[in-house]
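Trainee: This is the structure I want to talk about, given as structure tokens.
What follows draws every value from the coordinates through simple rules; no lab data is involved. All values derive from a computational prediction rather than experimental measurement. As a convention, Cβ positions derive from the backbone with ideal geometry for all residues, glycine included, and neighbour counts pool all protein chains shown.
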Amino acid sequence: MIYLYKVKSYIIYNKLNFKNNSKGWFRVIGETYNLNERVRAVSDEVVKWRRHLHENPELSFKEVETSDFVYHMLESFGNIELTRPTKTSVLGVIRGAKRGKTLAIRADMDALPIHEENEFEFISKNPGVMHACGHDGHTAMLLGAAKILSELKENLNGEVRLIFQHAEELPPGGAEELVQAGVMDGVDWVIGAHLWSPLKIGKIGITYGPAMAAPDSFTIQVIGKGGHAALPHQTIDSIAIAAQVVTNLQYIVSRNTDPFEPLVLSITKFVAGNTDNVIPNGVEIWGTVRSFRSEVRESAAALMERIIKGITEAHGAEYVFRYNRGYRPVVNDEETTQVVERVVRHIYGDDAIELNDRNMIGEDFSGYQQKAPGTFFLIGAGNPEKGITYPHHHARFTVDEYALQKGVSIFVHSAFEFLNRENN
Ligand code: NI
């Protein structure tokens, strides 16, 4: 009772002092529960957990030890209801004392098939496997937030659902499986973040609307007729034809697509032949298409087929074209994004915000956004002064660990902001 009274008087105090300024309202929640202090208190542990995960990376769908580690850690915090929706994922539920709405927070846990070339003391002990995208940090940040929120359970109005997701890096991805398993049932909002080395430490990337692209992939086989390289007229030269296919595919972005519509088409693999005097039977081409809008996505696939068909037919060759649809684009909900933006402005000030820093990378976070309004934001983790400049998916990728406590802080503040403010 005394506690409630205190909260009320804080609200009145802040209302008087800040009038309608949302800062005033927000400070009430943060100050009452000493969130900043709690984040500082847990930050060493968060770094320790990140380093442990970094040393022990596991590939997509194989996060056995990672998910066990997360499960036992959450169990040790107490106050968290735990389940395993799939073999290598973990769902934690923190139920507040008062009924209310549900906020889901998601972290992905998988690593990549890359052999680490870093030199610090906690590099991967698993040869050929590396946390080269920062998912070790995502997992550690959500564990940190879980610890704080579990301690403050009695003060939460509603439910925080902690989604520790497997397999973000490998389509069809873990998000879709978890949605199928029901982790999003009854969720009112979903948030998630990516540590981001192209963004400097201290910056938080907030994006309204389209934020990350739909990452599709394709394979093309150009089938000609092989033969002696000295007698090309007796062959159907698949290399010469495939080279034209590659060149002409570039026209889809430059000549067929509205310049205001983002689209990327990259050829990433071209395999043919193995010696200097043989024209091979066929060529294999691989690549990726990135887009935001479904109309652009559909038209890119159709235009590709038209070009491949036209060129191969013109030269008497054949083709097999496979277009594989990847994750949906990440499209951030306006109101949900506003709440997170407000939280970031309150904790770190206006200068921290990097607005609408979109990119064409894919993220299966979009799977959750089919079920509830959500927002995905970027946490600056690059630091040229410390030599932290390598891109994601690079053998020397790492993050500035100071970014971790920023993630924890935004998660816990957001939980109170969504549940204890937006609820009422
Ligand atoms: Ni990633």
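Trainee: Compute the separation of the alpha-carbon centres of the range 231-276 and the range 277-329 and state it in Å as a whole number.
Mentor: Centre-to-centre distance over Cα atoms comes out at 9 Å.
Trainee: On a 31 Å Cα-Cα criterion, which of the cross-link pairs LYS98/LYS147; LYS147/LYS386; LYS125/LYS200; LYS153/LYS200; LYS269/LYS406; LYS48/LYS386 come out too long?
Mentor: Numbers: LYS98/LYS147 19 Å; LYS147/LYS386 29 Å; LYS125/LYS200 28 Å; LYS153/LYS200 33 Å; LYS269/LYS406 39 Å; LYS48/LYS386 19 Å.
In this structure, LYS153/LYS200; LYS269/LYS406 exceed 31 Å between Cα atoms.
Trainee: Express as a percent, rounded to the nearest 5, the fraction of DSSP beta bridges in the chain (both residues included) that run antiparallel.
Mentor: Roughly 65 percent of the beta bridges in the chain run antiparallel, per DSSP.
Trainee: Continuing with the same structure: For the range 360-391 and the range 149-164, write down the distance between their C-alpha centroids in whole Å.
Mentor: First find each Cα centre; the distance between them is then 23 Å.
Trainee: What is the fewest-to-most order of PHE292, PHE418, PHE120 by other Cβ atoms lying within 10 Å of their Cβ?
Mentor: Working: PHE292 21, PHE418 25, PHE120 9.
Exposure proxy ranking, most exposed first: PHE120, PHE292, PHE418.
Trainee: Give, rounded to the nearest 20 debye, the magnitude of the charge dipole that the range 214-324 has about its Cα centre when Lys and Arg contribute +1 at Cβ and Asp and Glu contribute -1 at Cβ. Present the calculation step by step, with values, prior to reporting the outcome.
Mentor: Details: 9 positive and 11 negative charges, 17 e Å.
Taking the Cα centre of the range 214-324 as origin, the dipole is about 80 debye.
Trainee: Once you charge only the Cβ atoms, +1 for Lys and Arg and -1 for Asp and Glu, what is the size of the charge dipole of the chain about its Cα centre, to the nearest 20 debye?
Mentor: Working: 44 positive and 53 negative charges, 270 e Å.
Here the size comes out at about 1300 debye.
Trainee: Also, quick follow-up: Would you calculate a helix-derived [θ] at 222 nm for the chain, using -39,500 (n - 2.57) for each DSSP H run of n ≥ 4 and dividing by the full residue count, to the nearest 500? Can you show the working numbers first?
Mentor: Numbers: 11 runs with 160 residues, N = 424.
So the calculated ellipticity at 222 nm is -12500 deg cm²/dmol.
Trainee: Taking a ≥ b ≥ c as the square roots of the eigenvalues of the Cα gyration tensor of the range 214-324, is the shape rounded (a/c under 1.5), prolate (a/b larger than b/c) or oblate?
Mentor: Prolate shape, in that a/c is at least 1.5 and a/b is the bigger ratio.
Trainee: Dipole of the chain (Lys/Arg Cβ +1, Asp/Glu Cβ -1, origin at the Cα centre): which of VAL296, THR32, ALA214 lies farthest to the positive side?
Mentor: Checked the options; the winner is THR32.
Trainee: Ok, one more. Arrange THR375, THR337 by Cβ neighbour counts within 10 Å, fewest through most, would you?
Mentor: Working: THR375 28, THR337 21.
With the sparsest Cβ surroundings first, the list reads THR337, THR375.
Trainee: If you don't mind, there's one more thing I want to ask. Output the 0 to 90 degree angle, nearest 10, between the alpha-carbon long axis of helix 238-255 and the longest principal axis computed from the alpha carbons of the chain.
Mentor: 40
Trainee: Scan around ASN157 for amide H atoms under 5 Å from its own, H built in the peptide plane at 1.01 Å from N, and keep only partners 5 or more places away or cross-chain.
Mentor: Close amide H contacts, sequence-distant or interchain: ASN420.
Trainee: Once you charge only the Cβ atoms, +1 for Lys and Arg and -1 for Asp and Glu, what is the size of the charge dipole of the range 160-277 about its Cα centre, to the nearest 20 debye?
Mentor: Values: 6 positive and 11 negative charges, 79 e Å.
It works out to roughly 380 debye.
Trainee: When we measure straight from the Cα of LYS62, which aspartates and glutamates land under 18 angstrom away, once same-chain ones fewer than 8 places off are left out?
Mentor: Within reach: ASP108, ASP110, ASP136, GLU168, GLU169, GLU176, GLU177, ASP364.
Trainee: Continuing with the same structure: Out of PHE365, GLY137, GLN405, whose Cα points farthest toward the positive end of the dipole of the chain (charges: +1 Lys, Arg; -1 Asp, Glu; placed on Cβ)?
Mentor: Farthest towards the positive end: GLN405.
Trainee: Against the empirical 2.2 N^0.38 Å scaling, what ratio does the C-alpha Rg of the chain come to? Walk me through the numbers on the way to the answer.
Mentor: Numbers: Rg = 24.8 Å, N = 424, 2.2 N^0.38 = 21.9 Å.
Here the Cα radius of gyration is 1.13 times the empirical estimate.
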